[in-house]
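Okay, structure first, notes after.
The values are calculated or read from the model by the stated rules, or taken from the named source; none is laboratory data. Just so you know, these numbers come straight off a predicted model, no measurement behind them. Note: ideal-geometry Cβ built from the backbone for every residue, glycine included; neighbour counts use all protein chains shown.
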Amino acid sequence: MKNIEPAIHRQRLVIEARYTQEITREMVKQYLLDLAKELKMTIHPDLPQPLITSATGKSKPIHDGYEGIILWVESGAAIYVWERFHFLTVDIYTCAAFNSKKAIDFTARFFKTSELEYKEV
């Protein structure tokens, strides 16, 4: 893809993993807050807390789990958790450089993952 605006740094990391512990709404919130600290991102003052929702009981059971987003001044991150499969996806997109290895290692530790894959876009 052609970089049509080289003046703006853009970095994206997608992490997918299988987790080995029960995940709660509070854990999803804490993960996003701690991820911001880990990557040295500035939580957006207009939305200083992550937004966490749950699809459980609102659609097909395959979608049961949590969704969460956090907005940073430098962009943000989203997480999607499928409880039935003990599976999650994290999507980090920023306009500031960050250490991908830190994000990957932090995610693995936080969720006690048994399997993890990632892709830098």
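Could you grab me the full set of residues in segment 57-73 that are within 11 Å of the chain's Cα centre (by Cα) and either in a helix (DSSP H, G or I) or β-branched (Val, Ile, Thr) (or both)? Once the filter is applied, which keeps residues that are within 11 Å of the chain's Cα centre (by Cα) and either in a helix (DSSP H, G or I) or β-branched (Val, Ile, Thr) (or both), segment 57-73 yields Ile69, Ile70. Here is a check on your reading of the model: is Ile23 in contact (Cβ under 8 Å) with a residue 40 or more places away in the chain, more than 16 Å from Phe85 (Cα to Cα) and not in a strand (DSSP E or B)? So Ile23 fails the test. Name the residue, out of Asp46, Asp91, that is farther than 17 Å from Arg12 by Cβ and surrounded by fewer than 19 Cβ atoms within 10 Å (Cβ to Cβ). Only one candidate passes the filter, namely Asp46. Screening segment 94-115 for residues that are surrounded by 17 or more Cβ atoms within 10 Å (Cβ to Cβ) and of a type in the set (A, V, I, L, M) and picking the one that is nearest to Trp72 (Cα to Cα) gives Ala103. Among the conditions (1) of a type in the set (D, E, K, R); (2) surrounded by 15 or more Cβ atoms within 10 Å (Cβ to Cβ); (3) free of Cβ contacts under 8 Å to residues at least 40 places away in the same chain, Glu38 misses just one, which is (3).
Of all residues in segment 94-121, those that are under 18 Å from Gln11 (Cα atoms) have Cβ atoms under 9 Å from Cβ atoms of residues that are surrounded by fewer than 12 Cβ atoms within 10 Å (Cβ to Cβ) and among the polar types (S, T, N, Q), 6 or more apart or on another chain, in Ala96/Thr42. Kindly provide the set of residues from segment 74-103 that are closer than 24 Å to Asn3 by Cβ, in contact with a Phe, Trp or Tyr (Cβ under 9 Å, 6 or more places away or on another chain) and assigned to a helix (DSSP H, G or I), ordered by number. Once the filter is applied, which keeps residues that are closer than 24 Å to Asn3 by Cβ, in contact with a Phe, Trp or Tyr (Cβ under 9 Å, 6 or more places away or on another chain) and assigned to a helix (DSSP H, G or I), segment 74-103 yields Ser100, Ala103. For Ala55, the stated conditions hold: it is surrounded by 11 or more Cβ atoms within 10 Å (Cβ to Cβ) and modelled with pLDDT under 95.
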